[in-house]
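Structure first, then comments.
The values are calculated or read from the model by the stated rules, or taken from the named source; none is laboratory data. These figures come from a predicted structure and were not determined experimentally. Cβ placement follows ideal geometry from the backbone for every residue including glycine, while neighbour counts extend to all protein chains displayed.
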Amino acid sequence: MSTSTTASVSTHILDTSVGRPAAAVAVRLSARGGGAADWQELGGSRTDADGRCKDLPALPEGTTHVRLDFAVEPYFLSKQAKQAEAQQDAPANRDSGADRTFFPEVLITFAVNPGEHYHVPLLLNPFGYSVYRGS
């Protein structure tokens, strides 16, 4: 029987403003071994139609800290364009600066222990976000 010497990470994004998964959001994964070590970018993925990243890279042995970088601005700009098109004459987000996003990216850093799995969901809306350790 083998035991994993590395942690593993998964994530998904829920757009709480519409109660639906956020699809096609780019997610980059980085790791480091110790608080003073340099970050090593491991690669990334995009959320699928269910808002999940099913193919994030494996973490190297000795990883103690993980960073997820969610590029949410393209998601919201695309969503705003679709809303404006559907509404035709109405602005996508009245009085909110519809040509930009308040949080263009969400960067989450967390500590990990070898052999454990970390599911880190992102609950997202145009003006805020929340994360937690899921299961």
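From (1) at pLDDT 95 or above; (2) under 15 Å from residue 14 (Cα atoms), pick out the condition that doesn't hold for residue 107. Only one criterion is unmet by residue 107, namely (2).
Looking only at region 103-129, residues that are loosely packed, with under 12 Cβ neighbours inside 10 Å and under 11 Å from the mean Cα position of the chain (by Cα) come to 1 in all.
Checking each residue in region 27-51 for being closer than 18 Å to residue 121 by Cβ and surrounded by fewer than 17 Cβ atoms within 10 Å (Cβ to Cβ) picks out 46, 48, 49, 50. Looking at region 31-53 only, could you name the residues that are within 12 Å of the chain's Cα centre (by Cα) and over 16 Å from residue 76 (Cα atoms)? Once the filter is applied, which keeps residues that are within 12 Å of the chain's Cα centre (by Cα) and over 16 Å from residue 76 (Cα atoms), region 31-53 yields 44, 45, 52, 53.
Taking the stated definitions as given, is residue 66 farther than 19 Å from residue 8 by Cβ, surrounded by 14 or more Cβ atoms within 10 Å (Cβ to Cβ) and modelled with pLDDT of 90 or more? Spell out how you get there, then give the answer.
On the way: farther than 19 Å from residue 8 by Cβ: no; surrounded by 14 or more Cβ atoms within 10 Å (Cβ to Cβ): yes; modelled with pLDDT of 90 or more: yes.
Considered against the rule, which asks whether it is farther than 19 Å from residue 8 by Cβ, surrounded by 14 or more Cβ atoms within 10 Å (Cβ to Cβ) and modelled with pLDDT of 90 or more, residue 66 comes out as no.
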